[in-house]
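The block underneath contains the structure these notes are about, expressed in structure tokens.
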Amino acid sequence: MLGIFCMYWVWKAFSNLAIEYRKSKWKYFFLGLGSYYAAVVVSVSIVVGLMLLAKGFVGIADPDFGSAEWNLFYLLSGASGCYGCYVFLAHKARKEKELLNKNEIEYIGIISDEI
């Protein structure tokens, strides 16, 4: 159930970002959703790897391995990965908008580091 709410919040945030910078809403939504699930997969892989090193296959077979605490941890790691992607896309879009707003006639012949 929390996953459905997370998908809605991801869609809302990324589509607002896309509208603000005149980008494709669906492209940004799928980037946000992909970053969420990629962060979850990475965190699950790290936890499983650490469990294998610490306890072996017995640690993964433990019924407490899929408990609510782990699910909350995976939810938070996915949200942090999604937030990182959002900040990156916002920064990238802001830079592109600044470059488009420059009056290029004034900057002919000037090295880009001096601008």
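The values are calculated or read from the model by the stated rules, or taken from the named source; none is laboratory data. None of the values given here were measured: they were computed from a predicted structure. Cβ: placed from backbone, ideal geometry, glycine included. Neighbour counts: every protein chain shown.
Overview of results
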item	result
Enumeration of residues in the stretch 3-54 that are closer than 27 Å to N101 by Cβ and in contact (Cβ under 8 Å) with a residue 12 or more places away in the chain	A13, F14, S15, L17, E20, Y21, K23, Y28, F29, L31, G32
Within the stretch 41-92, considering residues that are more than 12 Å from the chain's Cα centre (by Cα), among the aliphatic types (A, V, I, L, M) and crowded, with 16+ Cβ neighbours inside 10 Å, the one nearest to K27 (Cα to Cα)	L75
Verdict on I46 being among the β-branched types (V, I, T), more than 17 Å from A93 (Cα to Cα) and either modelled with pLDDT under 90 or in contact with a strand residue (DSSP E or B) (Cβ under 8 Å, 6 or more places away or on another chain) (or both)	no
Verdict on Y8 being surrounded by 17 or more Cβ atoms within 10 Å (Cβ to Cβ) and either outside any loop (DSSP other than H, G, I, E, B) or on the phi > 0 side of the Ramachandran plot (or both)	no
Qualifying residue in the stretch 96-111 (condition: of a type outside the set (G, A, S), closer than 30 Å to F14 by Cβ and at pLDDT 85 or above)	yes
Filter pass, K23 being surrounded by 11 or more Cβ atoms within 10 Å (Cβ to Cβ) and not in a helix (DSSP H, G or I)	yes
Filtered residues of the stretch 1-32 (kept if aliphatic (A, V, I, L, M) and out of contact with any Cys (no Cβ under 8 Å at 6 or more places or on another chain))	M1, L2, I4, M7, A13, L17, A18, I19
